[in-house]
Every structure is written in C-alpha cells, then in structure tokens.
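Structure first, commentary second.
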Amino acid sequence: MNPVFRGAVIYVFLLLIFRIMGKRSLSETTTFDLLVLLIISEVTQQAMVDTDNSLTAAIILITTLLSMDLLFTLIKKTFKMFEKVVEGTPLIIVDHGKALKERMNKTNVDEKDVLQAARAALGLEKLEEVKYAVLEKDGSISIIPFDKK
Amino acid sequence: MSVSPIKNQDLPVEDDIALHRKGWVVQRIGWVLMYVFLLAAILGLFGEGPLSDRKLQHGDVTMQFERFGRYEHAMMLRLQSKTQNIATVSVPQAYLKVFRVSKIVPEPQTQSTSGGYVHYLFSSEGGTIINFYVDPVQRQSVDAVLRVNALPFHITQTIFP
C-alpha cells in the first residue's frame, strides 16, 4: 500500500480510537497506561513502515503525518464544531470543593485522581481546598485553588 | 443519571455539557463496536479462527483452507486424500496473481502451465497429504476453481489489508 495511504489511515484510526477511549487514555497516569502507549507506538511503527525500510518511505510517512496534522489544525481553525468534536472541550469535575460525581463517573475520573493532581501541582491536601478542578482536553487535570486571603 | 450544567460558574472555561453528553453516548457505542470487532477477530473474521476455517470435500479428497486472510500473512492450503495418492494439483494463474506459493510439501516432481492453469505433478509415492504454503500479495477477494486429481474445488478467499 502506498505509504501516504498507510500513514493517513493509521493517523485517522488513532485519532478515532483515542477519542472513543476517552480523555484519560491519553494522560500517562499509571505505569500500565504508559506501557500500553509504548506498545501502541511500536505496533503503529510496524504497521506504517511494513517491510519498506527505505529512506524515501520514511520521508513520505513523516511528511504524511505532519501534513495530516496541519490539515486538521486548519480545519479546526475554520470549523469550531470540528475542533470540539475531535478534541473535546474541558470539563469541570470539582466545583467549590464538591466533587461532581456524575461527571467524574462519565469520564472515569475519581477523587483520588483529582487529589493526586492537587498535591502534585499545588501541594493541596483536601478536596475542600479546590475551587475548581478541570479535566482538560488532553486528559490532564488542572486545579484552581480557593484564594487564600 | 443526568449531568447538569454548573450554576454560577465564574471560571472562563467552555464547559459545554450538552456536547459532552452527546460525546458520552457516542463513546459508549464506540466501546461496544470495539469489543464486537475484537470478538469478530477472535472468531477468525480476519483469519485464524472458526469463522475462517473451511473444508471442502469431493469423494475422498478434502481441501482445507482459510476463507479470510491478511496481506502478506502466510496461509496454508491442505489437500488430503484417504485412499488415493494426490497426483496432480492445478491452480489457476489468476489465483497465483493474488497468492505467492512459498513452499509445497512434499515438493512436486514437475510444474507446467496450460489452459490458464499451473499444473503441479507429484510422484506416485507422493502421499496423501499435500500442503501449499502461500503468502497473499494482493489485498482483494479471489474466487477460483482449483483441481485436485481433476476434481474441482471452488474456493473463495478474501484478503484484508
């Protein structure tokens, strides 16, 4: 198969499957998550390169992937809804110290994940110290603390 | 369990809950499709499983092959006869455009072509089991009639990319 099609198909497939898996699949939260991502990258590489180890194929594939990325960036700029659908939007999961359970259940995030992010970013100890926790588009959790006056 | 928008939110974040709700439905459907796809793969829809295994019989000659395969992934065609030796196997040249024969066990004595077929002739002591090891080199379906001791075997195979 032409390396351009191979690269394009793999790019679109990965985009779709990670979107289906959910935001948290992209963030390396545990050793196992990291392992899965590493194995996926190895499988992807084999699928894209196949038996063609030529320099030309490598250049074609790299150009294809970057072109796909650029094309999607341009489409996202033009069509805001496309960006929202493909990349998602941030989601507030803690509101004024209160965990929004339904939202956390839907996104497979639990309080431990939020507290971990709060400790790592700001050294916060309790959920009550968190004004907002936002599940970002890339699967990370941003913490906004209460103003200390 | 409905998910509500946040009231009096003072954080300038586009918390589009309506879009999230739709996304979660699509996501759940995607998960189901993923597992259905995996189950189909385990069962052999893309090769190597019960959905793919095929056995054809003419008299006491049987042909075992896989209905589904994957590009450049080795496959095997097994020909077996209970009572008689398999003397000739004729494979259409159109079939050989899709499959590359990498090995035949036991090896044929001679090969010849005529009438759009490649004829493999085996010795009289060739035995009652012959294995053709083939590699798909085209991503397409093939519909062909192979002949074993002049008996026709109509096989259909689909090769996935």
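The values are calculated or read from the model by the stated rules, or taken from the named source; none is laboratory data. These numbers come from a predicted model, not from an experiment. Every residue, glycine among them, receives a Cβ derived from its backbone with ideal geometry; neighbour counts consider all protein chains shown. Just the protein is used for accessible areas: all its heavy atoms, side chains included, with ligands, DNA and RNA removed. Shrake-Rupley method; radii C 1.70, N 1.55, O 1.52, S 1.80 Å.
Does region A:71-86 contain at least one residue that is under 19 Å from A:Ser142 (Cβ atoms), assigned to a helix (DSSP H, G or I) and touching a residue at least 40 places away in the same chain (Cβ under 8 Å)? No; the residues of region A:71-86 include none that is under 19 Å from A:Ser142 (Cβ atoms), assigned to a helix (DSSP H, G or I) and touching a residue at least 40 places away in the same chain (Cβ under 8 Å). Of the candidates B:Leu39, B:Leu56, B:Leu77, B:Leu45, the single residue that is closer than 29 Å to A:Phe18 by Cα and outside any loop (DSSP other than H, G, I, E, B) is B:Leu39. Every test in (1) more than 30 Å from B:Tyr71 (Cβ to Cβ); (2) open to solvent by less than 50 Å² (accessible area, probe 1.4 Å); (3) within 14 Å of another protein chain (Cβ to nearest Cβ); (4) modelled with pLDDT under 90 is passed by A:Ile93 save one, and that test is (4).
A count restricted to region B:118-142 and to residues that are outside any loop (DSSP other than H, G, I, E, B) and closer than 15 Å to B:Leu77 by Cβ stands at 11. Of all residues assigned to region A:7-15, at least one qualifies as being in contact with a helix residue (DSSP H, G or I) (Cβ under 9 Å, 6 or more places away or on another chain), away from chain B (no Cβ under 14 Å) and surrounded by 14 or more Cβ atoms within 10 Å (Cβ to Cβ).
Filter region A:135-149 for residues that are crowded, with 20+ Cβ neighbours inside 10 Å and β-branched (Val, Ile, Thr); which is farthest from B:Arg21 (Cα to Cα)? This residue is A:Ile143.
There is no residue in region B:18-33 that is in contact with an Asp or Glu (Cβ under 8 Å, 6 or more places away or on another chain) and either at pLDDT below 90 or away from chain A (no Cβ under 14 Å) (or both). Could you tell me whether region B:64-76 includes any residue that is more than 28 Å from B:Ala41 (Cβ to Cβ), exposed (fewer than 14 other Cβ atoms within 10 Å of the Cβ) and in contact (Cβ under 8 Å) with a residue 24 or more places away in the chain? Within region B:64-76, none of the residues are more than 28 Å from B:Ala41 (Cβ to Cβ), exposed (fewer than 14 other Cβ atoms within 10 Å of the Cβ) and in contact (Cβ under 8 Å) with a residue 24 or more places away in the chain. In region A:18-50, what count of residues is obtained for those that are over 13 Å from A:Asn2 (Cα atoms), open to solvent by less than 70 Å² (accessible area, probe 1.4 Å), in a helix (DSSP H, G or I) and within 13 Å of chain B (Cβ to nearest Cβ)? Of the residues in that region, 5 qualify. For region A:106-125, the criterion of being assigned to a strand (DSSP E or B), surrounded by 13 or more Cβ atoms within 10 Å (Cβ to Cβ) and not basic (Lys, Arg) is met by none of the residues. Within region B:102-161, restricting attention to residues that are under 24 Å from B:Glu72 (Cβ atoms), of a type in the set (Val, Ile, Thr) and open to solvent by less than 40 Å² (accessible area, probe 1.4 Å), the residue that is farthest from the chain's Cα centre (by Cα) is B:Val118. In this structure, does A:Asn53 turn out to be within 14 Å of another protein chain (Cβ to nearest Cβ) and in a loop (DSSP other than H, G, I, E, B)? Answer is no for this residue.
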